[in-house]
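So the structure is just underneath, and the comments pick up after that.
The values are calculated or read from the model by the stated rules, or taken from the named source; none is laboratory data. Predicted model only: the values in this text are computed from it and were never measured. As a convention, Cβ positions derive from the backbone with ideal geometry for all residues, glycine included, and neighbour counts pool all protein chains shown. For accessibility, only protein heavy atoms count, side chains too; no ligands or nucleic acids. Shrake-Rupley method; radii C 1.70, N 1.55, O 1.52, S 1.80 Å.
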Amino acid sequence: MTDSKYFTTTKKGEIFELKSELNSDKKEKKKEAVKKDCEDSNPLIRALAVRTMGCIRVDKITEYLCEPLRKCLKDEDPYVRKTAAVCVAKLYDISASMVEDQGFLDQLKDLLSDSNPMVVANAVEALSEINEASVSGQPLVEMNAPTINKLLTALNECTEWGQVFILDALSNYSPRDAREAHSICERITPRLAHANAAVVLSAVKVLMKLMEMLSDDTELVNTLSRKLAPPLVTLLSAEPEVQYVALRNINLVVQKRPDILKHEMKVFFVKYNDPIYVKLEKLDIMIRLASQANIAQVLGELKEYATEVDVDFVRKAVRAIGRCAIKVEPSAERCVSTLLELIQTKVNYVVQEAIVVIKDIFRKYPNKYESIISTLCENLDTLDEPEARASMVWIVGEYAERIDNADELLDSFLEGFYDENAQVQLQLLTAVVKLFLKRPADTQELVQHVLSLATQDSDNPDLR
């Protein structure tokens with residue numbers, strides 16, 4: 001039987017369509033055909049046969065395929081063995097109990113010691129998939145030092161995807177001691193120079209985990225940190241989709257170890273032609289890397305971003321300035337000055353975002369920047385977004401004793417109380433009560449008015 005029974009091919013012999021339909025009246029013939037092909041003299045035919053076996057998702061047929069699969073797992077040709085390893089994972093998905101009863105798991109474990117690196121890689125991936133699908137939740141294969149050594153040996157000779165499978169398996173292994181962790185690090189570090197982004201990120205993942213065990217060896221950790229930076233930076237020169245995946249991973253890396261990329265701030269500066277999803281990730285990483293040493297550089301960039309044409313990105317940039325003020329306390333004043341400069345532009349959405357973040361800055365640093373309140377009050381009439389209006393009301397209520405006409409400002413909001421968003425109504429209620437507690441003599445009428453609006457005439461249970 002030739003491979004044309006399994007596949008439709010072009011004149012050039014390129015396989016493009018798998019014929020996996022099984023008609024009930026032909027099941028016996030199919031079973032015999034597959035068994036026969038598993039013993040064909042051509043290894044390609046044997047591999048195609050075992051691959052087809054994995055695609056026959058019919059319980060009654062599957063049990064007849066165990067014996068051919070068992071032979072293929074011990075086949076003399078590595079291509080057949082690596083295909084059979086994947087077939088075991090597919091078979092486990094159909095009938096987990098049968099795979100365990102027939103001893104296929106033990107055969108897969110034996111393939112971890114195979115002389116061919118691709119067979120080892122496929123066996124690792126098959127075992128990983130089976131572990132994930134296991135209902136017990138317990139790992140079916142316990143990784144130990146000899147097994148890890150075999151995987152590391154195969155790592156150097158695998159294809160790039162084989163390396164990814166092995167590195168992902170290594171990331172789930174906990175070394176016995178720091179010495180073993182150090183040894184694994186040394187053997188994995190060369191993968192950081194690989195051309196494939198998936199291999200680089202998988203290697204970074206393993207090294208980040210092992211660095212936890214090496215925390216006592218400061219010199220080694222610093223050396224590894226220096227080696228991690230260049231490959232991560234290099235990934236940012238790839239196409240946007242790869243950049244995005246790299247940035248998502250870098251975001252996690254800098255949360256754990258910001259020192260790795262503390263000197264690489266410039267590579268995260270946004271380019272005019274970056275897609276919005278890349279811009280937003282870069283912005284988030286810039287905030288995480290912001291420190292007193294580079295805040296001037298970061299603020300200069302953020303201020304420039306606030307003049308872009310993309311409204312969503314501008315909003316994020318203004319919010320980023322506020323986050324920098326909260327994160328880097330010595331530079332908070334400089335951040336506030338930058339926000340005031342943006343308010344002076346009188347661009348409506350910029351002003352509204354600036355007021356929202358200034359409220360957060362006031363909460364972080366109370367009684368420190370009250371001098372800017374008058375500037376904020378000048379823009380009261382331009383606010384039309386609920387979050388910005390609620391923030392402004394909070395500021396007026398919080399610093400009511402420093403604003404001479406606080407009662408008039410709050411009263412102007414009360415005129416359209418029922419037209420306001422629920423969060424603005426709640427802030428108004430709180431702000432008026434704060435004002436009453438600070439100036440009870442001349443605000444009694446105002447507080448009675450807002451309590452009446454909030455209780456008797458409101459349908460909102462939270463407000464009442």
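When nucleic acids and ligands are ignored and a 1.4 Å probe is applied, K346 ends up with an accessible area of around 120 Å².
Tally Lys/Arg at +1 and Asp/Glu at -1 over every other residue whose Cβ is under 13 Å from the Cβ of E398; what's the total? Each step should come with its number before you reach the end.
Details: positive: K359, R363, K364, K368, R402, K434, K438; negative: D360, E370, E401.
Spelling it out: positives minus negatives among the neighbours equals +4.
Less than 15 Å Cβ to Cβ from N249, Lys/Arg counted +1 and Asp/Glu -1: what total charge do the surrounding residues give?
Values: positive: R191, K205, K209, R248, K256, R257, K282, R288; negative: D168, E241, E264, E281, D284.
That works out to +3.
Relative to the compact-globule estimate of 2.2 N^0.38 Å, the Cα radius of gyration of region 144-249 comes out at 1.05. W161 contributes an accessible area of around 130 Å² to the protein surface, as traced by a 1.4 Å probe with all chains present.
When all protein chains stay in place and ligands, DNA and RNA are ignored, the 1.4 Å accessible-area order of Y369, Y277, largest first, is Y277, Y369. Of the residues T430, T307, T375, ranked by 1.4 Å probe accessible area with the largest first, the sequence reads T307, T430, T375. Rounded to the nearest 10 Å², what accessible area does R57 show when all protein chains are kept and the probe is 1.4 Å? Roll a 1.4 Å probe over it and R57 shows about 140 Å².
Just by accessible area at a 1.4 angstrom probe, what is the order of V347, V200 from largest to smallest? Spell out each step's value before the answer.
On the way: V347 55, V200 5 Å².
Correct descending sequence by accessible area is V347, V200.
Please report the carbon-and-sulfur percent of the accessible area for the chain; probe 1.4 Å, protein heavy atoms only, DNA, RNA and ligands left out. It would help to have the intermediate numbers written out before the result.
On the way: 11170 of 23410 Å².
Looking at the chain in its full context, I get 48 percent from C and S.
Normalising the Debye intensity of the chain to I(0), with uniform scatterers on Cα atoms only, and taking log10 at q = 0.10 Å⁻¹ returns -0.87. Accessible surface area normalised per residue over the chain is 50 Å², counting heavy atoms of protein chains with a 1.4 Å rolling probe.
Please compute the Kirkwood hydrodynamic radius of region 293-383 from all pairs of different C-alpha atoms, in Å with one decimal.
Working: mean 1/r = 0.0770 Å⁻¹.
Kirkwood hydrodynamic radius for region 293-383: 13.0 Å.
What 222 nm value per residue comes from the helices of the chain, counting each DSSP H run with n ≥ 4 as -39,500 (n - 2.57) and dividing by all residues, nearest 500 deg cm²/dmol? It lands at -20000 deg cm²/dmol.
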